[in-house]
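The values are calculated or read from the model by the stated rules, or taken from the named source; none is laboratory data. Not measured: the values here are computed from a predicted model. Glycine also receives a Cβ, built like all others from the backbone with ideal geometry; neighbour counts cover every protein chain displayed. Just the protein is used for accessible areas: all its heavy atoms, side chains included, with ligands, DNA and RNA removed. Shrake-Rupley method; radii C 1.70, N 1.55, O 1.52, S 1.80 Å.
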Amino acid sequence: NAIDTGPSYSPDGRQIVFETDRDGSQQIYVMNSDGSNPHRISQGEGRYSTPVWSPRCDYIAFTKQLGGRFLIGVMRPDGSGQVRLTSDKTEDVFPTWSPNGKKIAWTRGGALDPAAELWIMNADGTGKRRITSNSFADAGASFSPDGTRLAFRSVRNGNIDVYVINVD
């Protein structure tokens, strides 16, 4: 049996993107919101995860595991136009879109890495900059509705709590 996880509704509510291992390795599929027409959109080597729609429904951001590295990328909803946005020798995971679709925030260092930090970049991969810089594991960001703040979880003093930080 396949494991289907990580569903994300398109902002217009017509489709759902999700990750699945139904082809033998973790890939990204899109289906209609009624569950019909599931089809694979990820192409190439590697494993794909954490798919999330852009606010305008024109791109899907994702994490790709390739050769021991975790990279952030984007592709069109039909799987075309796949572009890697990060290529550092670190673990880049959990992309999330700003409400206007112009920025992507992500976690660099992995969800449980004590050195994990939040980063932000333009949707085309330019302008990368670190948002948090501390000795805590910061991960799993979510933009505020106006795009000026990020809510995230952080492991501090043995506790996992939610924090908020300004983007600029």
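Please specify each residue of region 118-168 satisfying the condition of being charged (D, E, K, R), surrounded by 14 or more Cβ atoms within 10 Å (Cβ to Cβ) and closer than 15 Å to Ile104 by Cβ.
Result: Lys128, single match.
State which residue is surrounded by the fewest Cβ atoms within 10 Å (Cβ to Cβ) when the search covers only region 65-91 and only residues that are at pLDDT below 95 and either touching a Phe, Trp or Tyr at 6+ places or on another chain (Cβ under 6 Å) or among the aromatic types (Phe, Trp, Tyr) (or both).
Looking at the filtered set, the residue picked out is Glu91.
Starting from region 21-35, take each residue that is under 19 Å from Gln82 (Cβ atoms) and among the aliphatic types (A, V, I, L, M) and list its partners that are open to solvent by 40 Å² or more (accessible area, probe 1.4 Å) and assigned to a strand (DSSP E or B), counting only C-beta distances under 6 angstrom and pairs at least six apart or across chains.
Val30/Gln15
Scan region 50-62 and tell me whether some residue there is among the basic types (Lys, Arg) and in contact (Cβ under 8 Å) with a residue 24 or more places away in the chain. Lay out the reasoning, then the answer.
If we filter region 50-62 for residues that are among the basic types (Lys, Arg), which is where we start, we get 56.
If we keep only those that are in contact (Cβ under 8 Å) with a residue 24 or more places away in the chain as well, we get 56.
Yes.
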